[in-house]
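**Student:** Mind looking over this structure? Questions follow.
The values are calculated or read from the model by the stated rules, or taken from the named source; none is laboratory data. All values derive from a computational prediction rather than experimental measurement. Neighbour counts run over all protein chains shown; Cβ positions are idealised from the backbone, glycine included.
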Amino acid sequence: MTRYGLIGTPLSHSFSQRWFTEKFHREGRSDHHYELFDLPDIDIVPGLLSSTAGLRGLNVTIPYKKTVMPLLDEIDPEAAAVGAVNTIAIRDGRATGYNTDVIGFRKTLTPLLNGFTPRALVLGSGGSSRAVAYVLRELGIKFRVVSRSLERGDMIWDLLDPAIVSVCTLIINTTPVGMFPEVDRMPPLPLDAIGPRHIIIDLIYNPERTLLLREAEKRGAQVCNGLTMLHAQAEASWAIWNDLTL
């Protein structure tokens, strides 16, 4: 049996198992299985890697995209530059970390820009935020990261006033606020500052339309969820696990 899986906690929101199970079925890979490993502690990972027979690869989600890195044998240069890992390949007993969120977010963002380089706000400072920031720098987009402390971002939530939101017409939510099952929540944005010039991207994909996206759309903003990113990063993970060309 060839095994893959997802590590993080909680995992009730994830579509990854369904996505890969359907892929295995389409490709006739009846000996392939994708499992959810809901881990209460990151220190469980080395034991999981060494004791899970047939394990070829893992995806990594909240809250372990950064803390998993020291536990791996090797880090891909791009993942090292991002400072976060969301994909692990296991080859000959060695675990190598990669970041396919970069590919996923690039494919999500680029069609929405139409050649423009707006100022951006990145909500949150976790592992996904680092991939988003990497792509924004790559595209020459100026941005600020909103976090709970200045140690993790360059702006705290209390300073996020309407004037800043009005100027920053690209806003990307990388936090889990609004994710299933807490679908009645959203990041504390001053909604009155959002209008038709805005592009609002929420990396959450469950639900497909978060409260943030619904409220932004009411105000004329262009909105996008995380499904495109999910699919693109999943395909990239598959390519890495099977030594295919990205």
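**Student:** State which residue pairs qualify: first residue buried (at least 18 other Cβ atoms within 10 Å of the Cβ) and inside segment 218-246, second residue of a type in the set (Lys, Arg) and assigned to a helix (DSSP H, G or I) in any location, beta carbons under 6 Å apart, and separation of 6 or more residues or different chains.
**Tutor:** ALA232/LYS107
**Student:** Kindly establish whether GLY54 is outside the structural domain of ASP154 (by TED's automatic domain parsing) and at pLDDT 95 or above. Before you say what the answer is, go through the steps one by one.
**Tutor:** Details: outside the structural domain of ASP154 (by TED's automatic domain parsing): yes; at pLDDT 95 or above: yes.
Yes, satisfied.
**Student:** Give, as residue ranges, the helices (runs of 4 or more DSSP H) completely inside segment 149-246 that count at least 1 residues that are touching a helix residue (DSSP H, G or I) at 6+ places or on another chain (Cβ under 6 Å), hydrophobic (A, V, I, L, M, F, W, C) and not assigned by TED's automatic domain parsing to the domain that holds GLY8. Even if it seems obvious, please write down each step before you answer.
**Tutor:** Working: elements: 162-167, 211-218, 227-241.
Because the criterion is at least 1 residues that are touching a helix residue (DSSP H, G or I) at 6+ places or on another chain (Cβ under 6 Å), hydrophobic (A, V, I, L, M, F, W, C) and not assigned by TED's automatic domain parsing to the domain that holds GLY8, the helices (runs of 4 or more DSSP H) in segment 149-246 that meet it are 162-167, 227-241.
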